Amino acid sequence: MKVNALALLLPLFASPVFAAPLQLDVYNPQEKAIFPVSSTLVSGPKEAILFDAQFSTKDGEKLAQMIRNSGKKLQAIVITSGDPDFYFGLQPIVNAFPEVKILATPHVVEHIRATKDAKLQFWGPQMKDGAPTTLIVPQVTTQTRFTIDGETLELRRSNDYAAYVWIPANRAILGGTGVASGIHVWTADTQSPEQRRAWRNVLSEMQTLRPTEVIPGHYIGERPAGDQAIRFTGDYLHAFEQALGAKKGSAYVIKTMKAAWPGLADDSSLELSAKVNTGEMKW
C-alpha cells in the first residue's frame, strides 16, 4: 500500500485523547511512510501499554521517544496483526526498553513466523535504511485482557483478520487492520466472500459497543468522529463486494470504487486488491 499525498495532513503525533482515566497517544506517519499505520500508547497515571509498533525502524525510533516522553512505565507491547507494518518497527523500541514483553496471540505469531522473511525480502529494498536488521517475533500469549492502573482493556476477535482493542473506560476502539479512513481499504489478504463477510460482521460488532472514539489501524488525514471510520469501512467492503459480483474484471472494480469514493488516497491498494480478488493476480 503506497500512500499518495493529500493536502490535509495531521502531524505525526496526533493530539492525545483525554477521557478519564486513560490517555490515548497515537503515532501515525501519514503520507511520509509507505503505510499510514497507527500505533497507540494507552496510559494511566503510572503505567502504559503500546499497541502495534510501526513499519519503518525510523518511525519505531520516534515511537520509542514518544514512550520516553510519556514518563510512564511501559508494561508491554501488544502486536495485534501479523502484517509487517505492525511489527517491523520493533527493533529500536526493544533497544530502548529491553525488559519489556512483546506479546501477540498464537494466530498473529504463526502469521509472523510464516511470512516475516519473505516480507522483509520484498519490502527491505523499498524501506532502505528504515528496514530492520533484526526481525523480532513476539512472545505467544493467550491473554486477551490487559490492565493499566486498574483499568481493563480487551483484545477482541483475536483470531480474526479484524482483531481490535476495546477500552471500556474511554468507550474507545483501536481498529487494527479492520478499520481504515481516508484511504482505499486493503482487501488483498481477504480473498473470499466468507472472509470479507466475517470482517463486516466484526465491524457490526464494533458498532454495537457505541464507541465515542475509534482509531483506525490505517488512516490519512483527520480521524473521523465517533464510529464514522467503522461505518466507512463497512460501506466500502459492501460496495467492493457488489463490484466484484458484477464479474467484469478488475478494471470495472477499480473504476466503480474510485467513482464511489473519488477523494480517497492509496489507489495502488485498490488496484492490487481488485486484481487479486478477481483472480487476475496472485498474492
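The values are calculated or read from the model by the stated rules, or taken from the named source; none is laboratory data. Every value quoted in this text rests on a predicted model; they were computed, and no experiment measured them. Ideal geometry is used to build each Cβ from the backbone, glycine not excepted, and the neighbour counts take in all protein chains shown.
Take the conditions (1) of a type in the set (Ser, Thr, Tyr); (2) over 18 Å from GLY175 (Cβ atoms); (3) surrounded by fewer than 17 Cβ atoms within 10 Å (Cβ to Cβ); THR144 misses just one of them, which is (2). Taken together, the residues in the stretch 183-207 that are modelled with pLDDT under 95 and among the acidic types (Asp, Glu) amount to 1.
When you look at ALA53, is it outside any strand (DSSP E or B) and modelled with pLDDT of 95 or more, yes or no? Answer is yes for this residue.
Which residue out of LEU174, LEU270 is more than 18 Å from SER38 (Cα to Cα) and touching a Ser or Thr at 6+ places or on another chain (Cβ under 9 Å)? Testing whether each residue is more than 18 Å from SER38 (Cα to Cα) and touching a Ser or Thr at 6+ places or on another chain (Cβ under 9 Å) leaves just LEU270. Within the stretch 239-260, being surrounded by fewer than 18 Cβ atoms within 10 Å (Cβ to Cβ) and under 18 Å from GLY182 (Cβ atoms) holds for ALA239, LYS258, ALA259, ALA260. In the set VAL108, VAL165, only one residue is crowded, with 22+ Cβ neighbours inside 10 Å, in contact (Cβ under 8 Å) with a residue 60 or more places away in the chain, closer than 30 Å to ASP227 by Cα and hydrophobic (A, V, I, L, M, F, W, C); that residue is VAL165.
The conditions of being at pLDDT below 95 and either more than 18 Å from the chain's Cα centre (by Cα) or within 22 Å of LEU174 (Cα to Cα) (or both) are met by PHE122. Taken over the stretch 135-163, the criterion of being outside any loop (DSSP other than H, G, I, E, B), β-branched (Val, Ile, Thr) and over 22 Å from GLY89 (Cα atoms) is satisfied by THR147, ILE148, THR152. The single condition from (1) touching a residue at least 12 places away in the same chain (Cβ under 8 Å); (2) in a helix (DSSP H, G or I); (3) surrounded by fewer than 18 Cβ atoms within 10 Å (Cβ to Cβ) that MET127 fails is (3). When you check LEU74 against the structure, is it within 30 Å of ALA188 (Cα to Cα) and of a type in the set (A, V, I, L, M, F, W, C), yes or no? Judged against the criteria, LEU74 is not a match.
The residue of the stretch 62-103 that is surrounded by the most Cβ atoms within 10 Å (Cβ to Cβ), among those that are closer than 18 Å to SER158 by Cα and of a type in the set (S, T, N, Q), is THR80.
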